[in-house]
Amino acid sequence: MSTAQAVLVVGAVLASMTAPVGSAAQSTITGVVVDAGSSRPVADATVSIRQLADTAITLDDGTFRIQVRRTGAVILETRHLAYAPRADTITVVEGEDAIVRIALVEGAIALPPITVETRSRRLESAGFFARRGRGMGMYFTRAQLKEQKLAHLSDVLSRVPGLRRSIQSDGNSRVESRGGQLINRRCEIQYIVDGVRSELGAAALDGIPIDSVEGVEIYRGASEVPTQFDHGTAMCGAVVVWTRGG
């Protein structure tokens, strides 16, 4: 049995694995915790007996001592941040010391992943992220628009549930709210570019180069449109575009 795989038990104290369970006020477990690869002592390792309050922290030389309050088979658990945890079964004999040597194998520390989001200063100052955090509407950043490989900016609207995009005879795009049909057969969506309302409709979007767009906000009905974008004609929603240069 190698020290990297199991606890090396020294002495006759572990001769019987069927010792009766009872009082063991004078019984102890003493030993040393080492690195399995180098045999160097491991300090600050926690050695404890499962389901009992018996715990010890290893000293600089890797040694520890635990006073045990029961006899019989117990599970000795050893943990350290830089090593893989391990558990070993040993037998405690009343009135005697169990002497052990525990070898730990280095293991990766499982940490939660870090999520990194790069935020545009332009969109931050425009309140884009604050509004997105409220959960109303749909939002597309410059990076997300680039991933979709759109030919025209209005193409993003055709992918939004609740909106319908069509091409008119003059070649310009027209976008309508499907829900708006209950109010008006030609329910228009309000368009705002860099905070200024546009009267050109979806055609205004196709006139904006996609590479110059920093972000787009889409609100599909009056209930979603923030008050600062409601110019009195937002019954069927609003599309807000933020360009890089403003």
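The values are calculated or read from the model by the stated rules, or taken from the named source; none is laboratory data. The structure displayed is predicted, hence computed values, not measured ones. Quick reminder, even Gly has a Cβ in these numbers, built from the backbone with ideal geometry, and neighbours come from all protein chains shown.
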### Message
So in the range 139-155, with the set limited to residues that are among the basic types (K, R) and touching a helix residue (DSSP H, G or I) at 6+ places or on another chain (Cβ under 9 Å), which one is nearest to G245 (Cα to Cα)?
### Response
R142
### Query
Across the range 223-246, what is the total count of residues that are closer than 15 Å to M138 by Cα and under 34 Å from the mean Cα position of the chain (by Cα)?
11
### Query
Considering only residues of the range 118-135 that are surrounded by fewer than 16 Cβ atoms within 10 Å (Cβ to Cβ) and in a loop (DSSP other than H, G, I, E, B), which is modelled with the lowest pLDDT?
T118
## Note on the structure
Filtering the range 86-98 for residues that are surrounded by 14 or more Cβ atoms within 10 Å (Cβ to Cβ) and either in contact with a His (Cβ under 6 Å, 6 or more places away or on another chain) or not in a strand (DSSP E or B) (or both) leaves a count of 3
## Note on the structure
Considering only strands (runs of 3 or more DSSP E) wholly within the range 138-232, the ones with at least 2 residues that are at pLDDT 65 or above and closer than 27 Å to E124 by Cα are 138-141, 190-193, 196-198, 213-219
